[in-house]
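J.: Have a look at the structure that comes next, please.
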Amino acid sequence: MASITIDGIVKQFSGQTVLQNLSLHIPDGAFYTLLGPSGCGKTTLLRCIAGFYEPDGGRLLFDQDDVTRVSTHHRDIGMVFQDYALFPDKSAFDNVAYGLRARKVAKPEIARRVGEALEKVGLSALADRYPAQMSGGQRQRVALARALVIRPRVLLMDEPLSNLDAKMRLQMRDVILDLVREAGITTVFVTHDQEEALAMSDRIAIMDRGSIAQLGTPEDLYGTPVNAYVADFIGSANVIPVAARCMDDSATPHVRYQLAGQELDGVQGSPQLNGESVLIARPEDLSLMAPAPHVPNALHGKVLRRQYLGFKTAYRIALQNGPEIRVELHAGNTVADFQAGDAVQVLVPADSRVVSA
Ligand SMILES: Nc1ncnc2c1ncn2[C@@H]1O[C@H](COP(=O)(O)OP(=O)(O)OP(=O)(O)O)[C@@H](O)[C@H]1O
Ligand SMILES: [Mg+2]
C-alpha cells in the first residue's frame, strides 16, 4: 500500500494538452474517484499513474518514491479495465495466476493465493471456466481477483462496472468496496456515473478539460459545489444567472442578488463574486406556496408542468419576468399540491449559494 502524489502532471498528445499541470494527493488506503464527462482526461491520468503513458511534465510519487520514470512492471500496480482484458485462452485460475507466475512465485503458493483470491470474489467453483463461458459480472470478478492477487501497492480501475447490467453493477460496488477495504489498498476509480462516485468514494475529483474542478467528499461536492460545472455534474441543480453583490467580508459572506426583478438573500459560495454570478439551487431545496404578499425570498411564477414520480413530485415553474426553475417536493411534504397553470410562489432558501459563473 502506498499514498499517491500527482505533482503538476502535464500530458499532451500531438500538441493538444490533455492534462494541465494537474496535482492530487491520495492518502494511503483511500478510495478516490475521478469523475467527469467523456474526454476530460480520466483514462489519461490513470494511464499516467499506471506508467502506460509518460507525462510531459510533473512528477508522480508512490509514498516517497519517485516513480515518474519507472516502468509499469516495476510500479506494483493492479489494474482493472472496462472491458476486463482477460486472456481468452486461459481459464479463470490461469488468468488470476498470470501475475504471480510472471513474478516467479513458487507453484504451491500460486495455488494457495489464486484459490484464496477466487474465493474472495465468490468464484471458487468456476476456476476452470474460460472467459467466454462466464457472465459479464463473473469476468469482472476474475479481473478484480487478478488485479488484487499480486497484492499491489495501488489499485487502478477504469470504468470497471460500465459493461454490467444495473443490478450486477450495484452488487459489484459492494464486492469491490469489501475487497479494497479489507486489503486496505489505495484505489483510484474512474467513472462517469455520478451516483457510483457518490456511493463508493472517500473523495471525488471532478475533472474538467484536464484539470480538477473540485476535490471533496461526496457530501462536499453535493452540498457546496464551487461552480456551476460541478453543481450541474453532481446531482441536478438549477443554475441561474443572477447579479450579485457581497454584503460583508466574512468567510461565507451574505450576498444579495437580483433575480426576476426581485432582490433575494443568499450565501457567497465562491471567492470574488464580481458581476457574472449564478445561483445554484437544488430542486429539492426549493418549495412552493400559494401567492401571498410580503413573503421574503420568494419568486412569483406559474406551474408549467407537474410530474408525479411516486416518492416525489417534480414541477417546472416559469418565473414571472424570469427563467424557468425546477422544484421537487417529496412525498409527505404537506404543502398544498399544485397543477399546471396554477400561480405559485417559489421559496428560495436564504442559504442558497451564489458562485461565480
Ligand atoms: N493515445 C492518444 N492519442 C491522442 N489523443 C488521445 C490519446 N488518448 C486520449 N487522447 C485524447 O485525450 C483526451 C482525453 O482522453 P481520455 O481517454 O483521457 O478521456 P476520458 O475522460 O477517459 O473519456 P471517457 O469517459 O470517454 O473514457 C481526449 O480528447 C482524447 O481524444
Ligand atoms: Mg476513459
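The values are calculated or read from the model by the stated rules, or taken from the named source; none is laboratory data. A quick note: this is a predicted structure, and the numbers were derived from the prediction, not measured. Counting neighbours? That spans all protein chains shown, and the Cβs are built from the backbone with ideal geometry, glycine included.
J.: State yes or no: is Thr217 within 30 Å of the chain's Cα centre (by Cα), modelled with pLDDT under 90 and more than 16 Å from ligand 1 (Cβ to nearest atom)? It would help to see each step written out before you state the result.
T.: Working: within 30 Å of the chain's Cα centre (by Cα): yes; modelled with pLDDT under 90: no; more than 16 Å from ligand 1 (Cβ to nearest atom): yes.
The answer is no for Thr217.
J.: Please tell me if Gly99 is in contact with a Leu (Cβ under 7 Å, 6 or more places away or on another chain) and more than 16 Å from ligand 1 (Cβ to nearest atom).
T.: No; evaluated as a whole, the condition is false for this residue.
J.: Sticking with this structure for a sec: Give the residues of the range 305-336 that are surrounded by 13 or more Cβ atoms within 10 Å (Cβ to Cβ) and farther than 18 Å from Ala237 by Cα, sorted by residue number.
T.: Gln320, Asn333
J.: Okay, next question. Filter the range 47-62 down to the residues that are more than 8 Å from ligand 1 (Cβ to nearest atom) and under 15 Å from Val188 (Cα atoms) and list them by number.
T.: Answer for the range 47-62, where residues must be more than 8 Å from ligand 1 (Cβ to nearest atom) and under 15 Å from Val188 (Cα atoms): Cys48, Ile49, Ala50, Gly51, Leu60, Leu61, Phe62.
J.: Checking the conditions here, which among Lys107, Lys120 is assigned by TED's automatic domain parsing to the domain that holds Arg47, out of contact with any strand residue (DSSP E or B) (no Cβ under 6 Å at 6 or more places or on another chain), surrounded by 14 or more Cβ atoms within 10 Å (Cβ to Cβ) and more than 21 Å from Phe52 (Cα to Cα)?
T.: Step by step, each of Lys107, Lys120 is checked, and only Lys120 is assigned by TED's automatic domain parsing to the domain that holds Arg47, out of contact with any strand residue (DSSP E or B) (no Cβ under 6 Å at 6 or more places or on another chain), surrounded by 14 or more Cβ atoms within 10 Å (Cβ to Cβ) and more than 21 Å from Phe52 (Cα to Cα).
J.: Being within 16 Å of ligand 1 (Cβ to nearest atom), among the polar types (S, T, N, Q), within 33 Å of the chain's Cα centre (by Cα) and surrounded by fewer than 20 Cβ atoms within 10 Å (Cβ to Cβ) is the requirement here; does Thr72 meet it?
T.: yes
J.: Take the residues of the range 44-69 that are of a type in the set (Lys, Arg) and over 10 Å from Ile9 (Cβ atoms): which is surrounded by the fewest Cβ atoms within 10 Å (Cβ to Cβ)?
T.: Here is the first cut: in the range 44-69, the ones of a type in the set (Lys, Arg) are 47, 59, 69.
From what's left, over 10 Å from Ile9 (Cβ atoms): 47, 69.
On the way: Arg47: 18, Arg69: 10.
Of everything passing the filter in the range 44-69, Arg69 is surrounded by the fewest Cβ atoms within 10 Å (Cβ to Cβ).
J.: A follow-up question, please. Which residue out of Leu100, Leu86, Leu61, Leu19 is under 24 Å from Leu164 (Cα atoms) and either at pLDDT 95 or above or not basic (Lys, Arg) (or both)?
T.: Matching residue, one of Leu100, Leu86, Leu61, Leu19: Leu86.
J.: So which of Ala205, Ala197 ends up being of a type in the set (A, V, I, L, M), in a helix (DSSP H, G or I) and buried (at least 21 other Cβ atoms within 10 Å of the Cβ)?
T.: Residue meeting the stated conditions: Ala197.
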